[in-house]
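The values are calculated or read from the model by the stated rules, or taken from the named source; none is laboratory data. As the structure is a prediction and not an experimental result, all values here were calculated from the model. Backbone-built Cβ (ideal geometry, glycine too); neighbour counts: all protein chains shown.
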Amino acid sequence: MSRIKDQMPVLIMGTGLIIYGLIAKTGALEGLAKALHTHKTLDLQITMTLVVGAIALLGAFINSAKEPGNSNFDTFVLQPLGGIVLILVMAMAIRWYMEPLVKIMSKSLQPLLGFKLYKVLNLNYVVLGILAGVVLTNTWGIPKFAAPGVKCARFVLKMGVIMLGARYSFAELAKLGVYSVWLVGFFVLGTVFLVLWLGNIFKQPKSMTGVLSAGMGVCGVSATVAVAPVVKAKSAEMAYTIGTILSFGIICMFVFPTIGKLAGMNPVQFGAWAGTGILNSAQVAAAALAFNAVDIKTLKVAEIFNITRVLFLPIIVLVLATWFGKETGQKLSFKSIVIDKFPVFILGFLLLFAMSSMGLFSPPSHYKGKYIDVSYNDRTQVTSEEWETLNNAMSKNAFSGLSTEQLEAVTNLIEQRQIAGNYDDRANKKEFDHVGRSRMTQLEGVLAAAKANQIKLSGEVKSAIKHAVKQVHKKSKTVVTLTNCMIWFFAFGLIGLGMQITKKSITQAGGWPIVMGVISGITKATLSFFVVLWLVKDVVLN
Amino acid sequence: MSDEEKKVTIETGDAGKGSTEIAEGANTEELEERALSVFSSDRNEDITALIFCLITTFLVLLFTKWMV
Amino acid sequence: MFNHVLLCTHGTEGALKAESFVFQKLTDNPTLKVTVLTVLDEDWRGMTGDDWLNSSKTHTTFLDHVENQMNEEIAEEWQRIKDSYPVADQAEFLQRTGNIAKTITKVAEQLACDLIVIGPYRKKKKFSIHSTGMGLKARMKNQELHPLLPCPLLIAP
């Protein structure tokens, strides 16, 4: 009987999901979804709620029918199920309801406040998810039925990172890799030495400066956890350091994207800055997604920096161990520091990268799942109204300022109602494709010229040409779906990690670590901001 | 600390370095597991994550590329 | 009057008052048994925050280190008590981990204590960069403790 009681929350969530899915299936939610601008996701909503709901119910029934066992199925599926369903429900509620609601509310509050709240605080689903996790832990605490499932967060986040590997090209990885090694290397070592030097000035014990320097230098709490036993930190030192780093990191998560947007950083610059300046690696991912949650460019850059930092961590541990070891005479083997700490999932990241480089997800002619298709297709045609507009403009000689090639492209667009090669050449694919692409380039030139006010075109004509160009830009469904999976993984992982942040660990901040931490953290963030703006200007991702 | 307190050894899996000794009178309910994850070791976790990713990738490829 | 006193201390100013009260005022009674209890806050488990990069091994090493460190620091605390109050030699010393209010009452029940002594609830100290003593100096709200009490509670002024 008590087992059924334990499973009650899961049963309720499962039933709720199925009811929601069925209601959505009848089409009753279309009006609501349209108002929230989520109607495009309705199909996904139905599938996800029904599938997750069914699994939740099934699992809850099995769990309440049988004694909890020790088998693999028990530890990996049945016990974590409740927590997994809880996080999924939170993720779905946030993505489909809370985020749109926050947007609508902050839009209506705009006249009152003078700015859009969600834009300033970057309240997209990732940030909202982490906040929801933090709020849940610190108010009700993680419910008992969910505790084993919440532990899956790290696992799912790793899956997200592995999947992200599929989105890089060789050139990108090489270029970003070089940047990240230089920037991370410089700032990690710089901060470590800065903190050690500060510790020397303020005459603080070595164990404390050791812990703090690693935490401020590499990856926040993770580094603190790795270094504390090595430098034999005292408990108060650890508490202060972790508290300082956690609170600094959470502030960074909100402040960085806003500053980045104000400074007009591009995605690459912001990713590089977040990857260097923000301490905790989960918060780096969160800030990158907060800066831009739709396009994953920023996340891609930030994650490379993150991985570089992870690879730097053992080096720092080794350096600090030698620095500290002189006194204690304690020796640490290369194996215990580098091999034991090597994160195997990075190999998975590389495997997916290799698979993607071999063209498994999209042929090499496609650029990361985006490609241009100029073949004949009804769907790539402009609408008849647009055709009318273009035809009228042509007859009124509105295209007078265009070059001969541009004029030819426009004429052909009107003739064929879409961007394509010559009809007679359709057997010769190469020639056909070449002509079609060059016409597209010419039309893009027309749009650019109109934007620069070199020629005058009416808004309707411009939008018609824009539509025609857009129609031949296709996205590979495979890559789009893979990216969506990855974003869900990240959202799940970050919500779960948010649940690990307790109020107590944050409010522990204090003592000398907070002084030294704030000095070094702000120095690092400011310096890296300027260095990134100065250096990373020219990396273009496509 | 009273050293004469009885200790018991419990199995904690790989992550807990095999086994650990706790005081017999320890409040096990409050002690709870310390592990971060449901897996017994990191290698298992990473490899499972990779396998899951490959399965996801395969399914996505199957439904968006090979079957259409 | 009392037979078995449970003195809860973790080295803060308030707790020092409780110590001096027990060992200076209550120990006139030669049959009085004193148990000194130091509770380690369970929240140390949450101290790793949102760290997800470290392997479980690193994680366990860290928590082991924390535990050893705490034990060392607690042992020092106890030594300090023994040094300052010779009578404390006869007292028994105990260390537990968990929710503070629950652990205190549970231990009191288990040992059949008839009085619990704690330090006064102090206002939060103003920000100070001079760290003192152990980490995670836990503060407990008395209203959490009161409903659980198995025996009288004495707050040393």
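Determine whether A:Met105 is under 26 Å from the mean Cα position of the chain (by Cα), without any contact (Cβ under 8 Å) to a residue 60 or more places away in the chain and within 19 Å of A:Leu17 (Cα to Cα). No. Restricting segment C:45-67 to residues that are surrounded by 24 or more Cβ atoms within 10 Å (Cβ to Cβ) and under 20 Å from the mean Cα position of the chain (by Cα), the residue that is modelled with the highest pLDDT is C:Val66. Of the listed requirements (1) closer than 16 Å to A:Phe248 by Cβ; (2) within 14 Å of chain C (Cβ to nearest Cβ); (3) among the polar types (S, T, N, Q); (4) crowded, with 22+ Cβ neighbours inside 10 Å, A:Ser528 misses just one: (2). Filtering segment C:68-120 to residues that are more than 14 Å from chain B (Cβ to nearest Cβ), within 12 Å of the chain's Cα centre (by Cα) and under 22 Å from A:Lys504 (Cβ atoms) leaves C:Ile118, C:Gly119. Could you check, for segment A:28-39, whether at least one of its residues is in contact (Cβ under 8 Å) with a residue 12 or more places away in the chain, more than 26 Å from the chain's Cα centre (by Cα), surrounded by 15 or more Cβ atoms within 10 Å (Cβ to Cβ) and farther than 24 Å from A:Ile84 by Cα? Yes, segment A:28-39 contains a residue that is in contact (Cβ under 8 Å) with a residue 12 or more places away in the chain, more than 26 Å from the chain's Cα centre (by Cα), surrounded by 15 or more Cβ atoms within 10 Å (Cβ to Cβ) and farther than 24 Å from A:Ile84 by Cα. Within segment A:380-399, is even one residue under 30 Å from B:Leu62 (Cα atoms), surrounded by fewer than 14 Cβ atoms within 10 Å (Cβ to Cβ) and away from chain B (no Cβ under 14 Å)? No, every residue in segment A:380-399 fails to be under 30 Å from B:Leu62 (Cα atoms), surrounded by fewer than 14 Cβ atoms within 10 Å (Cβ to Cβ) and away from chain B (no Cβ under 14 Å). Screening A:Pro68 with (1) surrounded by fewer than 17 Cβ atoms within 10 Å (Cβ to Cβ); (2) assigned to a helix (DSSP H, G or I) gives one miss only, at (2). Between C:Leu37, C:Leu63, C:Leu16, the distinction of being in contact with a helix residue (DSSP H, G or I) (Cβ under 6 Å, 6 or more places away or on another chain) and either at the interface with chain A (Cβ under 10 Å from one of its Cβ atoms) or not acidic (Asp, Glu) (or both) belongs to C:Leu37 only. Filtered by the rule that a residue be away from chain C (no Cβ under 14 Å), in a helix (DSSP H, G or I) and touching a helix residue (DSSP H, G or I) at 6+ places or on another chain (Cβ under 9 Å), segment A:231-265 gives A:Phe254, A:Val255, A:Phe256, A:Pro257, A:Thr258, A:Ile259, A:Gly260, A:Lys261.
When A:Leu173 is tested against (1) outside the structural domain of A:Ile316 (by TED's automatic domain parsing); (2) closer than 22 Å to A:Val344 by Cα, only condition (1) is not met. In segment A:132-159, the residues that are closer than 22 Å to A:Pro343 by Cα form Cβ pairs under 7 Å with partners that are of a type in the set (Ser, Thr, Tyr), at six or more places apart or across chains, as follows: A:Lys151/B:Ser37; A:Arg154/B:Ser37; A:Phe155/B:Ser37.
For first residues located in segment A:291-316 and away from chain C (no Cβ under 11 Å), partners that are surrounded by fewer than 20 Cβ atoms within 10 Å (Cβ to Cβ) and of a type in the set (Lys, Arg) and lie 6+ apart or on another chain with Cβ distances below 7 Å do not occur. Does A:Lys158 count as surrounded by 24 or more Cβ atoms within 10 Å (Cβ to Cβ) and assigned to a helix (DSSP H, G or I)? Yes. The sole residue among C:Leu111, C:Leu6, C:Leu26, C:Leu53 that is among the hydrophobic types (A, V, I, L, M, F, W, C) and under 30 Å from B:Asn44 (Cβ atoms) is C:Leu53. Only residues that are more than 22 Å from A:Tyr125 (Cα to Cα), part of a helix (DSSP H, G or I) and more than 9 Å from chain C (Cβ to nearest Cβ) were counted in segment A:465-517, giving 13. Against the definition (under 23 Å from A:Glu385 (Cβ atoms), touching a residue at least 24 places away in the same chain (Cβ under 8 Å), in a helix (DSSP H, G or I) and among the β-branched types (Val, Ile, Thr)), how does A:Val461 come out, yes or no? It is true that A:Val461 is under 23 Å from A:Glu385 (Cβ atoms), touching a residue at least 24 places away in the same chain (Cβ under 8 Å), in a helix (DSSP H, G or I) and among the β-branched types (Val, Ile, Thr).
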